[in-house]
Structures are given as C-alpha cells and as structure tokens.
Amino acid sequence: MENSMSKQCDLKLNEPILSSRVVPRWQRKELEKSKSSRPNSKSNSNNASFSSQSNVSSTFGESFSGPAESRKTPCKLPSLTLNMPYKTTNLDGTPKKKLSSSLKNQNKVGTPKKLSKSREGKRSTHTTPSCDRFIPPRSGNNFENSGFELLNDEDESKDSPTTRRYKDGMKQNLNIGHQPKILNMKNKAPVPAMNLLNAQSKVLFAQSGGQVNRKASARAIPQTAWRVLDAPDVNNDYYLNLLDWSVTNYLCVALNTSVFLWNAGSGDIMELTEHSSQVASVRWSPIVPEIVAIGDYNNKVCLWNIEKQSLVRVMSGHTDRVSSLAWNEYILSSGSRSGQIFHHDVRVSEHHVATLVGHDLEVCGLAYSKDGKYLASGANDNKVMVWADRETTPLHTLIEHSAAVKALAWCPTSKNLLASGGGTQDRQICFWNAAHGTLQHTVDTGSQVSSILWSKNTKELVTGHGYSQNQLTVWKYPTMTRLAELTGHQDRVLQLAMSPDGSTVVSLGADEALRLWKIFDCETEKKTKRSDKSRSTSSKLSMNCR
C-alpha cells in the first residue's frame, strides 16, 4: 500500500500543474484525437503517462458543469495557458498542424463574406459617406427679416390707410415677403415690381426658350419735351376739361375766360373768343372739324366755327357749370356740376333730346366708345357709369374707385375695354369690360390720375399724374409695365391730348405750361413704309414678268 501510494504521489507530482480554469474545447478535442490515433506500441510503453492523462481528462471533466459532448457552443472565456509539454506538439510528439483559413470559415456559422471588388481585380467605385446629422441649407433664409418680424410687436390693424400703404410700398421696394433667386436656373426668372421699372432700365434676365423682340423692347422714348408753350392764367381745377386736339391739327386750350388756338402745322396762335365767364370745358367735333364746343360757368354750351371765327349756336338748360363734353356724331353730351348729363342734337332747333340722371355730384368725365354704342361717365361721387345708346338709365354702375373719376378712355383695339383713373385718395387705374360691367384688373399708380390716352398704333397707353412727381407715365398693356416716366412739370398735370397721327402727346400743367412729348410711333410713317414696301415688291414682280 505504501509503495502504491508513493507511486501515485510521484505520478501526480510529475504531472504538469493544472489551473482551475475551464479547458477550451479545441484542446479537449486534440486530446481525444491523440488518444484514438495513438499506435499500440506506444501505448504499451507509455501506460503511466496515459493513465496520468486519463486522470487529467477526468479532472478536466469534473471541472465542467456537464459532459464535454453536451457543450456545443465554444467557450468565450480567455484561452487557458498550461505548462504542458504538448503546447506546440501533439501527444505523440508530432508537430501541431495549424488550422487553415478554409477550415476556420467552415466552422463559423453564417453566410460567408463575398470577395471585395478589389480582390476580383475590378476597380472599386467611390460611394458618398453617410452623414451623422442633417444640416439644412441657409442660403434662402433672411435672418435679419426674421429677427425683425419676431421683435416687431406693433399691431398693424390699428394703422391708418396712409401708414398701411406706406408700409406696403416699403416692403415691395425692399423685396420683403418674397425672396427671388435671380441666379436660380431651375425656376423661372422673377417678375420685377412695376414701380421699379423706368425708361433706362435694361433686361437683366429673361426666361430661356423664347425669342425676345429686341426691336420692341429697345424703343427709345425721349425724356424731355420737344416743345414748351406758355399757358398763363390756366384754371387749376381737377374737374375741368380745358384741352383738346382736332383732327385738322389744331390745339384748343381754355385759359380762364379766353380760348386760344394753336396751329401745330404752322405754329400760328390765335385767340378764338373772350367769354363773359370762365371756360370749363372744350371739345372738337369729329365729323365737322371746324366746329368746337365750349362749356362755361354760365351753364351754357356754345358752338364756334374757327374758320369764320363766329359763334354758331348757344345751347342752355343746365343749372350749373358745364365741366365735361363728348361727341357722338351729331349728338353732343354735356355733363354738369349738378350731376345731370344732357344729350343735344345740334341738327335740330330743339336740341335737348335726353337727360341722364344717375350721378349725385359733378360729372367731370365723359367718353364715347369707338362705335358709339356706350357712353362712360365719371363723377365726383367716385362712380363710373356705363350708358347704352338712347337709354336714360345706366347699364352698369362701377364703384371700385374711392375718389373722383375724371380720366376715362376706351381702347381702340378692344371695343368693350374701358380704362378709368381715380383722384388723390384712389390713385389707381381700373380696366373694365363695359359689356358685362366686370372689373378685369387694377393698377396702383401712386399718384392722382388726371387723364388717360390709348395709343392709336401700339398696345400702350399714357397717363397724366399729380403729386408728387407730376409726371406722364407710359404703360405697356396688358402687362402694365412702366416704359417711361416723363417729368418736367412743376405742378400737377391737369389734362392730356393726342395729335391726329397719334405720335405726340400734349400735357397741360397747373404750372401754366403746355409740354409736347414725342411718345408713340407715327401712324403716317408706318403707312409710308408699308406703301414703299408694296411699291418695291410690285416693281420687282413687274421686272420678273418682263
């Protein structure tokens, strides 16, 4: 017993010192393989060592919570370092073989990795790296405007109409409320504000894909009047109509109690008459060019023949001054400060044929449509009325304006289109469909509108204004963009008139001056060019026929 016990003690002392940690699974498998593949000769010579190893394996088996075969998942504990003689060799003395990468990949669970494109010999493509946060673009933000709006605690509902209008104008001039991106190639070019354009402005951007009419856009409008005439003692009254230009190229102007004529062809000046009272309105007859109608403060309408320089007829009936006149062939319509409109047939002795009642205050504007189907009237009651032919009640009553309406003009190319302009408190131009009585659109001019004239040859119109610039404005219709601002008057423009050829506009100002402006193309020049072209083509044809 003592010898056996000593042998066992010697055997245990000769064995390597084992750690108390768990032996990894791969080491146990190597031990099992070495036991099964060992030759018999070697097993007989090394019984003592195998018995010791069996003790070691039994000792390892006792350290596991269960049998070795039941543990399928490899242990993830750090590998155990043993002071064993088979660290680099197997138990039989042969060197250990390293597991190849293919065997290691087979032991792993899951889908094997795909070979990268660089390993396949292909060029790798660059991909955009992912970002860890989103940074929005700030190029379109206006932080100054946003800060102002946050700090602005004013209640705009309490502002007066003048203050509101001033703020709207400032916002429009400073581009507050919309942020146009001029250099953005994806969107259309922004439309410039109408009150920011003038005659010297040039096109900075245009939408691609369309042809620009450079000839039309490059038309130069002279900024100064080509001639100035004196108009002393002119009556500075917004409601009067003191200027008219005849088809025979005579300009008639009323200066206080006198009526003067200026021959635009020869430049001669003639005084037609000296009235006993102030003159309130003048108007040339369209079918009898030598006849001019004059309304005065004595509530009368007088007809004068300029060739004979004689009074032809006096027509009475009004109860107050006659401040507006309009012709429709042989029918002369007169508007009075009483609000009534009379129709006079100048061919018969009983001239008063109809009375139109509708306005409450002074009728300061009258205009017939080109075909004579409609009569438009504007008055100091802020109303525009459209009257049908031979009707005594208005067809339409238009109440868009907020001030007196004196400026009225019918479009020469569209028979039902009527333009009307309001006074100081209104300052806008309204465009109406007279047949239906509907408003098409409005334009805020920024100042009093005293007169409107349509071009006879182009889709343009010119307006006369009062405070603060006292200017003439040329507009492009229907976009209503400003083509020119003509300044020169020192006081408000009272009325405008157009020459027979449609090229020249004369303005009568409260500064006692008549200014003549070359604004539109001459109709006779266009006809001459057309006739020259037709003659040249006919001559070419005749030459070819020979």
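The values are calculated or read from the model by the stated rules, or taken from the named source; none is laboratory data. In this text the structure is predicted, and so the values were computed from the model without any measurement. We place every Cβ from the backbone using ideal geometry, glycine too, and count neighbours over all the protein chains shown. Please note that ligands, DNA and RNA were not included when accessible areas were found on the heavy atoms of the full protein model with its side chains. Shrake-Rupley method; radii C 1.70, N 1.55, O 1.52, S 1.80 Å.
So which trypsin sites (Lys or Arg not before Pro) in segment 324-374 pass both tests, a DSSP loop state and at most 16 other Cβ atoms within 10 Å of the Cβ? When the trypsin sites (Lys or Arg not before Pro) of segment 324-374 are filtered for loop state and at most 16 Cβ neighbours within 10 Å, R347, K370, K373 remain.
Which of the GluC sites (Glu not before Pro) found in segment 362-471 are in a DSSP loop and have at most 15 neighbouring Cβ atoms, other than their own, within 10 Å? Listed in order of number, the matching sites are E391. In the complete set of protein chains, residue-level accessible area for Y239 is approximately 60 Å², probe 1.4 angstrom. With a 1.4 Å probe rolled over the protein heavy atoms of all chains, the accessible area of F260, F342 falls in the order F260, F342, largest first. Accessible surface area normalised per residue over segment 339-474 is 39 Å², counting heavy atoms of protein chains with a 1.4 Å rolling probe.
Could you tell me whether segment 245-325 comes out rounded, prolate or oblate from its Cα gyration tensor? Rule is a ≥ b ≥ c as square roots of the eigenvalues, rounded for a/c under 1.5, then prolate if a/b exceeds b/c, otherwise oblate. Prolate, since a/c reaches 1.5 and a/b exceeds b/c. Counting heavy atoms of the protein chains alone, M170 has an accessible area of about 80 Å² for a 1.4 Å probe.
Calculated FRET efficiency, M480 to S349, Cβ-Cβ distance, R0 = 41 Å: about 0.30 to the nearest 0.05. Computed over segment 287-411, the alpha-carbon pair-distance distribution with 5 angstrom bins reads 2, 11, 22, 24, 21, 12, 6, 2, 0, 0, each value a whole percent.
Full extension of the chain between E30 and Q440 yields a length gain of 137.7 nm, computed as 0.36 nm times the residue separation minus the alpha carbon distance. Legend: distances between Cα atoms for K373/K476; K370/K406; K459/K518; K300/K456; K415/K476; K373/K456; pairs beyond 22 Å are K373/K476; K300/K456. Accessible area of D426 (1.4 Å probe, protein heavy atoms only, ligands and nucleic acids ignored): about 20 Å².
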